[in-house]
Every structure is written in structure tokens, then in C-alpha cells.
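What follows is one structure encoded as C-alpha cells, with my remarks underneath.
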Amino acid sequence: MRSVTLRPLIPMSDSERFEDKPASLLTKTQRSRIRDGFADQDEHQRRRDQQQIRERVRAGVTDFELLADYPDRQFELAFDDLDEEEVAAALADARLVTERLRTLHGIDRDRIVDRASDRSTAVSQRLADGESLEGVELVPAATYRQQGRAAAEAEHENRWDRRADAILKTAAVAALPLLLGWFMDTVTEQNLLATRVDVALVMGLSALVVLAGFAGVLLIKGAQALKHDIIPGVRRLRHEPGAVVSDASALLRRPGTKLRSVWDEL
């Protein structure tokens, strides 16, 4: 009868978790010594162990050349007993280590991306079990930063645009009593503002909300125009006056084309 190994119900500590792992880049002893900061060793032993760890780390990192075209199925089986959070944490640490190595050696990120893209193309041509390569997205550093800035700016602008829309909707709802009062005055030919105090109060409050709403929208849109259009335009005029004059002359030369372009962008 086949024996079954049951996992312990009590969560393992960091020490037990590392000691339970098989040897890989580091031996179990090396893991323990790194975790303890080489506390129980003298200077000679620490230097010896650190040299051995450096050699194993270098050999392990260069072994990724062999793992680049390792079958997907083998990767799935290797991490089959880890949940998604554990895999994500391990990948995050691996990413941090590789980025530190790249920074220490002064290697440009785009150079790494280009080499990885070339390797991905070569591996995908000869690897039968490598569907994961189709989902790999290697983005250059400049593109990544540009996308991040664009996403942040879009989120910031959308947030204030949503606030402006909410204010406009509030002003539109507040304008309903004004329209209703005007309609009733027109139909009944009565001056409700003069004869009904409650009606006058409601319409006065509605008018204040409408005015405050339009003022708020004007402030938001004015601030956006100041930040994104006026200030950059003034700076460009100061630093590149020739380019600004050239753009203005181009607009004046073909106003019809420019107007059609603006209409298409609306």
C-alpha cells in the first residue's frame, strides 16, 4: 500500500521553509549562513563561504541559458505545489536580483530587452512545448516609462474630468426647479417669485447651485488649460520662438485643413 505524506497544519517558519528546500543556487548550509549573517563564523570562514556562494550564484545565473528553452510542461511540474502568490513572490525577488545585477554592471535595460527578444525568437523556432513565449512582452525602458507616465496623466485627468462631469450633472438637476418655475409662470401667468416665499426660496437655492456648478467647472477646465496648454505654450515660446512662429504661419496658410482636422478630432 502506497504511503501518503501529509503536510503539516502548523505554518512553517522562515528557517524551516528554507531548510526544507533542496539545494539549488545555494546549499542548505549557505542559506542558513546568509540568513544568520555569517554570525557563527570567523573572518576566514566567512570569506571562504562568500567566495563559494559567489561561484554558485554566477553558475546558477548563467544556467538560465539552458532553461530559456526548457519545456513549459517541466516548468509547470516544477512549481505545481506552489500557489499563485508564492510564485508571484518568487518571481518578484528574481526580478529584483536580475535588476540589481544589471545596475551593478551598468548595462542598459534596452540592451537586455533586445537580447531577450532575439533569444525569444530563436527559442520559439525550435521549442515545441513553448506556448508561454507567445505571452512574453518585452518592453524597452523608454516605452515602459512613457506608458507609465501616460497612464498616470490619464488617470489624473480622468479623475478631474469625472469631477467636472459630476458638477455639471448636479447643476443640471438643480436647474430643473428653475425650468419648472418658469414654465408654471408662463402657463398660469402668475408671478410665483412674488407671491410664494417657498417657491422663491427653492428657486433661489437652485440658482445658487447652478451658478456654483458652472463656476466649479470653469475653475477645473481653466486650471487644466493653464497647466496643459498655456504654461507649456509660454515656455515653448520662450525657448523655441522660431518653432512657434512657424507653427502659427502653417496654421494660417491652410486654415481649412486645420479646421477639418479639429472637427475630426472632436
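The values are calculated or read from the model by the stated rules, or taken from the named source; none is laboratory data. From a predicted model like this one, the values you see are computed outputs, not experimental measurements. Cβ coordinates were reconstructed from backbone atoms using ideal geometry, including for glycine residues, and neighbour counts include every protein chain displayed. With ligands, DNA and RNA removed, areas are computed over all heavy atoms of the protein, side chains included. Shrake-Rupley method; radii C 1.70, N 1.55, O 1.52, S 1.80 Å.
Out of all the residues in segment 98-110, which are assigned to a helix (DSSP H, G or I) and open to solvent by 70 Å² or more (accessible area, probe 1.4 Å)? Selection gives 98, 100, 103, 104, 109. Out of all the residues in segment 46-62, is one or more of a type in the set (Gly, Ala, Ser) and surrounded by 10 or more Cβ atoms within 10 Å (Cβ to Cβ)? Yes - at least one qualifying residue is present in segment 46-62.
Considering (1) at pLDDT 75 or above; (2) farther than 27 Å from residue 69 by Cβ; (3) among the hydrophobic types (A, V, I, L, M, F, W, C), the lone condition that residue 127 does not fulfil carries the number (2). In this structure, is residue 219 under 22 Å from residue 160 (Cβ atoms), modelled with pLDDT of 70 or more and either open to solvent by less than 90 Å² (accessible area, probe 1.4 Å) or under 28 Å from the mean Cα position of the chain (by Cα) (or both)? Here the answer is no, as residue 219 does not meet what is asked. Mind checking which residues of segment 66-83 are part of a loop (DSSP other than H, G, I, E, B), surrounded by 10 or more Cβ atoms within 10 Å (Cβ to Cβ) and without any contact (Cβ under 8 Å) to a residue 40 or more places away in the chain? Hits for segment 66-83 are 70, 79, 82.
Filtered by the rule that a residue be touching a residue at least 40 places away in the same chain (Cβ under 8 Å), open to solvent by less than 80 Å² (accessible area, probe 1.4 Å) and of a type in the set (Gly, Ala, Ser), segment 121-139 gives 130, 132. More than 27 Å from the chain's Cα centre (by Cα) and at pLDDT 80 or above - does that describe any residue in segment 159-168? Looking for residues that are more than 27 Å from the chain's Cα centre (by Cα) and at pLDDT 80 or above, one finds at least one in segment 159-168, hence yes.
Just to be sure I understand the filter: pairs with C-beta atoms under 6 Å, separated by 6 or more residues or on different chains, first member in segment 46-60 and within 17 Å of residue 28 (Cβ to Cβ) and in a helix (DSSP H, G or I), second member open to solvent by 70 Å² or more (accessible area, probe 1.4 Å) and polar (S, T, N, Q). Which pairs pass? Hits for this filter: zero, empty list.
If I filter segment 111-120 for residues that are out of contact with any Gly (no Cβ under 7 Å at 6 or more places or on another chain), open to solvent by 70 Å² or more (accessible area, probe 1.4 Å) and hydroxyl-bearing (Ser, Thr, Tyr), do I get at least one hit? So far as segment 111-120 goes, no, none of its residues is out of contact with any Gly (no Cβ under 7 Å at 6 or more places or on another chain), open to solvent by 70 Å² or more (accessible area, probe 1.4 Å) and hydroxyl-bearing (Ser, Thr, Tyr).
Taking residue 209, is it modelled with pLDDT of 85 or more, surrounded by 14 or more Cβ atoms within 10 Å (Cβ to Cβ) and more than 30 Å from residue 111 (Cβ to Cβ)? Reasoning before the result, please.
Numbers: modelled with pLDDT of 85 or more: yes; surrounded by 14 or more Cβ atoms within 10 Å (Cβ to Cβ): yes; more than 30 Å from residue 111 (Cβ to Cβ): yes.
The answer is yes for residue 209.
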